Amino acid sequence: MTTEQRDTTEQEETAEQQESPELQEQAEHETKAKEADRSEEATGTGDDQGLFRDNELQSFRSRWDEVQGRFVDEPRESVQKADDLVSDLVDRLTSGFAETRSGLEDQWNKGEDASTEDLRVALMRYRAFFQRLLQV
């Protein structure tokens, strides 16, 4: 590295260290938003998250297969069990969506402490949740 290149690099580093508090805060919020987006992707809280975990989905499907298989021998009981299963499914959907909505509210409802960046991220998450609700 030449002396000129080294001087330029040192000047850039000094300028970065002397950034205004507003720029530092903005950079911090951008970093938090990127981390939140990565976390959302890793934990499955984005648009592509299924409505149920794999084991729950398998359980519901297995229960349905059992209900359907009993119809020939016990039609009335089969229909009653189908009603119970659908009721359980709706309850699970309702509680899951309520938990998600509550979690979203907790992320932004910090009073005056919520920055514009925090609110932007919250709105993006609400949009993803809203789209999931419309797909049901």
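The rows are residues; the columns are (1) in contact (Cβ under 8 Å) with a residue 40 or more places away in the chain; (2) more than 26 Å from Q135 (Cα to Cα); (3) of a type outside the set (F, W, Y); (4) touching a Pro at 6+ places or on another chain (Cβ under 9 Å).
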| residue | (1), (2), (3), (4) |
| --- | --- |
| R61 | no, no, yes, no |
| W64 | no, no, no, no |
| V72 | no, yes, yes, no |
| E77 | no, yes, yes, no |
| L85 | no, no, yes, no |
| L89 | no, no, yes, no |
| L93 | yes, no, yes, no |
What residue, of Q49, Q5, Q24, Q58, is in contact with a helix residue (DSSP H, G or I) (Cβ under 9 Å, 6 or more places away or on another chain) and either assigned to a helix (DSSP H, G or I) or modelled with pLDDT of 60 or more (or both)?
Q49
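Looking at region 95-136 only, could you name the residues that are basic (K, R) and either part of a helix (DSSP H, G or I) or touching a Pro at 6+ places or on another chain (Cβ under 8 Å) (or both)?
First pass over region 95-136, keeping only residues basic (K, R): 101, 110, 120, 125, 127, 132.
Within region 95-136, R101, R120, R125, R127, R132 meet the criteria.
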Can you tell me which residues in region 72-104 are among the aromatic types (F, W, Y) and modelled with pLDDT of 95 or more?
none
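The values are calculated or read from the model by the stated rules, or taken from the named source; none is laboratory data. Just so we're clear, the structure is a prediction, and the values are computed from it rather than from any experiment. Note: ideal-geometry Cβ built from the backbone for every residue, glycine included; neighbour counts use all protein chains shown.
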